[in-house]
Amino acid sequence: MKLKHPTVIAFLILALLTGLETPLRPVFSLGLFSFFPGLLIISLVKKEVDVPELAGLPLLVGISFWIVFYYLTSGLHIFTWYILGGISFVCAVLAERQPLVVSREHYWGVFILVLCCLFVGSYLYPWNQFFQWMPPGDDMKFHIPFIEHLVSQHALPQDYGLLYPELSTLTYSLGYHITAGLAVIVDYSVRSLMIATFFIASLACFSFYYLGKALFDWKTGIYAAFSFAFLSLFFQRLSSTGTYPNLLAVALHVVGLSLLCELMLQKPSISCRFRRGDSIFGIFCVTLVCAGAAETHPYIFIMEGMVLGGALLYWVWQKNFGAARLIIAVGAGILFLCIPFFLRFNLEPLSELEFLTFAAWYRIDSFVSVQNVIKFIGIISPLLLFLGVSGCMVTERKWILSVWGGSMMVFPLLSVFQVRYPGWYTISPNRFFFFLFMPLSIMSGRLLSYMEEHIGSRKVIGFLVILILVSAGMHHANLFHSFSQDPLTQVQMNGDDQFVIDWISTYTPQNTVILNTGPVADCSSWVPVLAERRVVFPFFSGYRGDNCIERLKAYNSLADLMVLTHTPDSDLALMALKKYGIQYIYVPAWREVRWLDLHPELLLDSPLYQSVVKKGDAYVFEVNFNSRHKTVYYTVTEIEQIHSSENMISLFFNPITSFGVHGGLYLQVDYADTTHQQIDIYVNDTYVETVYTYLTDEERSLLLPLSHLEEATILFKGDSDFVLKKVSLLVGVENCLQLSENVGTQGAWVRTDLGVIAPSSERGLQLLVVNVSGGVVVMEYKDEGMGDIEIYEIDAWGNRRLLQTISRENTGKNVTVQLPLQDEYTVLVLTVEVCGDDFLIREIGYTPS
């Protein structure tokens with residue numbers, strides 16, 4: 001018996017399943033809101049579909065519909081479940097009135113496609129690092145806030161949110177975010193978001209089936225989906241870094257191309273399935289899906305333009321002007337539907353630093369060596385390349401695949417010769433090369449179909465078993481080493497860091513600024529996403545778009561805050577923290593790429609920082625701006641305006657100190673940021689640090705520990721000639737009371753409002769005199785109490801020489817004495833031995849000869 005109103009009943013069943021709290025709730029939600037609009041559009045275009053088409057095509061077309069719809073209505077707050085459900089229900093009712101025939105001829109193909117989807121799901125997530133569904137890679141730090149905004153504010157985000165008001169525009173493609181929002185709008189969580197993403201990405205298997213079938217036949221479609229799922233490696237690489245917009249864009253692009261091919265080729269076996277050959281509905285459907293793909297990733301938009309341009313030239317050359325008009329109509333339709341997407345662009349001229357940075361990135365992603373080519377082929381999959389190229393030999397309609405593959409090779413070929421074209425700095429040439437996995441999957445599918453026709457199903461099945469085993473090795477055992485131990489592909493969250501981030505969310509004020517250790521491959525950059533607190537280095541610090549590099553100025557922050565990696569217990573460190581309004585420092589347990597290599601032990605050892613929470617190796621420190629650092633720094637030598645010779649500056653220091661001085665030698669480098677280069681610093685042939693300059697014209701300082709008061713040869717080595725404004729050699733002494741510019745104390749001295757007291761009960765009291773070249777120490781003391789004071793000079797070998805014996809008479813007067821010094825010392829120690837009552841020094845200073 002034929003079921004009445006099957007589409008409406010299907011809608012109600014999905015609505016019921018969406019209302020239930022189950023792990024597949026996001027999948028049901030996406031199906032509820034996307035399937036029925038897509039089904040209506042498909043029923044207007046085709047009069048017959050097979051079961052695999054019915055299973056996935058309406059969903060992909062429906063996703064494209066919502067992407068385009070919400071870009072067209074981006075200023076309206078209408079992203080709500082009841083509007084989505086209402087439109088979807090209306091579409092379900094209207095679709096039921098369209099005479100769409102479902103052919104059961106290849107129904108079992110759905111099971112094969114589902115198996116392909118399950119295999120894709122087996123490698124979409126690094127399950128060996130599973131932690132509470134936290135996504136792998138860095139990119140989800142960028143996507144999650146936009147999805148949350150879409151779900152909570154019911155409209156597309158226009159900027160980067162309240163945490164980063166300096167980023168006033170958002171031009172990033174939001175197709176994936178809209179699609180994910182459809183899946184999690186009923187119940188948002190990171191887990192539901194990841195489950196929805198796995199489902200969305202696996203739909204690409206259906207896309208490759210549709211294109212293989214459109215170009216050749218259904219068997220080629222099945223084998224194309226198999227080749228994509230089992231043999232392609234780049235899709236896994238995209239998923240393991242969290243680049244999910246790419247995955248959805250690929251799925252939509254391939255299905256859009258399949259619909260375009262059906263319109264262009266007009267095979268009898270296909271044209272009979274259309275209501276009218278190149279009808280307005282067919283053009284609209286192709287345009288809608290291609291526009292959805294374009295608004296999901298800009299590289300797909302560029303590639304679609306080149307594919308349509310190549311197809312137009314081919315049809316003009318063939319003098320098939322009807323097909324040429326079809327291409328023009330589709331291209332014009334895509335541009336029209338993408339107008340809201342273009343209106344979000346805010347093109348600003350690049351700063352010199354942005355230009356130089358993008359140029360460096362472009363060269364890294366270019367084809368400039370044979371090693372690069374071999375590496376990039378490994379990322380696509382050598383096996384897929386072999387089968388795809390072999391399949392090209394037996395493939396009909398080579399011109400379509402040639403145009404498609406050729407569009408992907410334009411930018412890689414231009415990069416070989418480092419050709420500069422408009423907007424070249426925004427392109428990653430290797431990414432377009434990696435997209436070759438798409439036509440290679442189709443050609444590989446064609447080869448496997450051809451093999452079945454000529455050598456029989458049994459032998460092909462045996463070959464497929466071998467391919468499956470090899471594929472499992474590639475995807476799960478890294479057989480071709482395409483997945484190196486790249487921290488960008490790892491799940492960064494763990495129990496310790498989760499505890500600390502939860503603490504930040506609960507116990508820090510909303511307007512807190514937190515110093516984190518880096519934007520990429522660093523757990524600390526999850527703080528804005530999970531704790532909604534501003535960090536100094538958010539993930540998008542290095543994003544090409546929206547002038548993020550210039551407006552966030554992460555390079556400025558990094559250069560200023562570099563002092564914390566070596567000498568956090570200093571005024572320079574405190575000044576840098578005040579400059580950026582930093583109240584807390586988060587040192588995560590998980591950090592692989594170290595932008596700011598903070599050492600918790602240095603922070604724990606300084607009174608400037610208080611550890612407020614610790615879990616495992618994860619710390620949060622609060623900055624104590626009212627405290628004083630325990631290390632006192634004395635300037636020994638200053639050299640100003642040092643010009644490099646042959647890109648290098650070499651300095652030699654040989655400190656002379658009294659025996660047993662407890663202190664260290666430090667190097668302070670003051671420079672004007674007037675070039676764009678890196679200057680490496682070596683001490684005694686050992687690399688210490690790199691000074692990065694960024695053309696900001698700002699003056700900066702860096703303080704580095706050198707050694708324990710030993711001779712040091714310091715080498716500055718740059719990429720080009722440079723000038724250092726000043727290089728200072730300092731002596732740093734811990735637990736020292738600084739009495740004047742050149743004099744301090746060590747030991748159990750007591751500071752009072754009247755001066756410093758040398759307790760008679762203490763031993764080992766010392767006066768430190770820095771940068772001695774003869775001269776005298778002038779000391780004023782108060783003649784109180786009784787007992788002699790003996791002051792000795794300690795030379796470099798530990799010998800003592802009596803400088804002065806002070807006999808007190810308890811007159812209550814202030815008395816001045818002079819202590820003559822000899823020789824030259826970087827740090828000279830004077831020991832003070834007190835007999836009788838405590839000894840009060842009112843003032844003390846050093847006067848060189």
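Here are some notes:
- Pairwise alpha-carbon distances in segment 755-849 exceed 22 Å for 25% of all pairs.
- Per-selection metrics, segment 562-679 (Cα): Rg and Dmax in Å: 17.3, 49
- If you look at the Cα atoms of segment 81-187, you get an Rg and a Dmax of 19.2, 58 Å.
- Histogrammed with a bin width of 5 Å, the alpha carbon distances of segment 120-274 distribute as 2, 9, 16, 18, 16, 13, 11, 8, 5, 2, 1, 0 percent, first bin at zero.
- Between the Cα long axis of helix 109-124 and the first principal axis of the chain there is an angle of about 0°, rounded to the nearest 10.
- Whole-Å distance, taken between Cα centres, linking segment 128-153 and segment 586-629: 26
- Rounded D (µm²/s) - segment 171-260, Kirkwood Rh over Cα pairs, Stokes-Einstein at 10 °C, 1.306 mPa s: 115
- Each 5 Å bin from zero up to the one holding the largest Cα-Cα distance in segment 314-387 carries the following percent of pairs: 3, 12, 9, 8, 8, 9, 21, 20, 8, 1.
- Site pair Y82 and T637 shows an inter-label distance of 7.8 nm when each label is modelled 7 Å from Cα along Cα→Cβ.
- Calculated mean residue ellipticity at 222 nm for the chain: -14000 deg cm²/dmol, from DSSP H runs with n ≥ 4 weighted as -39500 (n - 2.57), summed, divided by the residue count and rounded to 500.
- Largest accessible area first, the listed residues C736, C392 line up as C392, C736 when surface is computed with a 1.4 Å probe on the assembled protein chains.
- Set of lysines with alpha-carbon distance to K4 below 20 Å, sequence-local pairs under 8 removed: K47
- With every protein chain in place and a 1.4 angstrom probe, the accessible-area ranking of R325, R97, largest first, reads R97, R325.
- Sites D788 and E550, calculated FRET efficiency, Cβ-Cβ separation with R0 60 Å, nearest 0.05: 0.30
- When each of K578/K630; K219/K459; K375/K459 is checked by Cα-Cα distance, pairs over 21 Å: K375/K459
- Fraction in percent of alpha-carbon pairs per bin - 10 Å, segment 143-183: 32, 57, 11, 0
- Spatially, segment 286-318 and segment 816-830 are offset by 82 Å when compared through their Cα centroids.
- Rg/Rh (Cα only; Kirkwood hydrodynamic radius) as it applies to segment 293-350: 1.09
- Candidate aspartates and glutamates for bridging to K398, where Cα separation is under 19 Å - those fewer than 8 sequence places away on the same chain excluded: D217, E262, E304
- Charging the Cβ of each Asp and Glu at -1 and of each Lys and Arg at +1, and nothing else, the dipole of the chain about its Cα centre rounds to 5720 debye.
- Relative to the longest principal axis of the Cα atoms of the chain, the long axis of helix 204-215 makes an angle of roughly 40 degrees.
- Reported label for calculated mean projected area of the Cα convex hull in nm² given (i) 45.6; (ii) 42.4; (iii) 38.2: (ii)
- Net length gained if the chain between Q677 and L651 were fully extended (0.36 nm per residue, minus Cα distance): 7.3 nm
- Separation of alpha-carbon centers, segment 37-81 and segment 478-540, rounded to whole Å: 36
- Paramagnetic label zone (point 7 Å from Cα along Cα-to-C-beta, A796; backbone N under 18 Å) in segment 818-836: 821-830
- Rg and Dmax of segment 670-733, based on Cα coordinates, read 12.4, 36 Å.
- Partners for K813 among aspartates and glutamates (Cα-Cα distance below 12 Å; same-chain residues under 8 apart left out): E780, D783, E784
- Applying the criteria of a DSSP loop state and at most 16 other Cβ atoms within 10 Å to the trypsin sites (Lys or Arg not before Pro) of segment 778-849 yields K813.
- Projecting the Cα atoms of C835, T686, V612 onto the charge dipole of the chain, computed from C-beta unit charges around the Cα centre, puts V612 farthest toward the positive end.
- Across segment 394-499, Cα-Cα pairs more than 25 Å apart make up 51 percent of the total.
- Summing Lys and Arg as +1 and Asp and Glu as -1 over all other residues whose Cβ lies under 11 Å from the Cβ of D569 gives a net charge of -1.
- Length, then width, then depth: along the principal axes, the Cα atoms of segment 1-111 run 45, 32, 26 Å.
- Nearest 10 degrees, 0 to 90: helix 81-96 Cα axis against the chain principal axis: 20
- Cα principal axis extents for segment 620-713, largest first, Å: 41, 37, 24
- Using the Cβ-Cβ distance between R763 and Q818 with R0 = 25 Å, the FRET efficiency computed as 1/(1 + (r/R0)^6) comes to roughly 0.50.
- Rg/Rg_globular for segment 443-575, with Rg_globular taken as 2.2 N^0.38 Å and Rg from C-alpha atoms: 1.75
- Taking a Cβ cut-off of under 15 Å around L413, the surrounding Lys, Arg, Asp and Glu residues balance to a net charge of +1, with basic ones at +1 and acidic ones at -1.
- Rolling a 1.4 Å probe over the protein heavy atoms leaves F652 with an accessible area of roughly 120 Å².
- Other residues lying with their Cβ under 14 Å from the Cβ of F435 contribute a combined charge of 0, Lys and Arg counting +1, Asp and Glu -1.
The values are calculated or read from the model by the stated rules, or taken from the named source; none is laboratory data. From a predicted model like this one, the values you see are computed outputs, not experimental measurements. Note: ideal-geometry Cβ built from the backbone for every residue, glycine included; neighbour counts use all protein chains shown. Heads up: the accessible areas ignore ligands, DNA and RNA and are worked out on the full protein's heavy atoms, side chains in. Shrake-Rupley method; radii C 1.70, N 1.55, O 1.52, S 1.80 Å.
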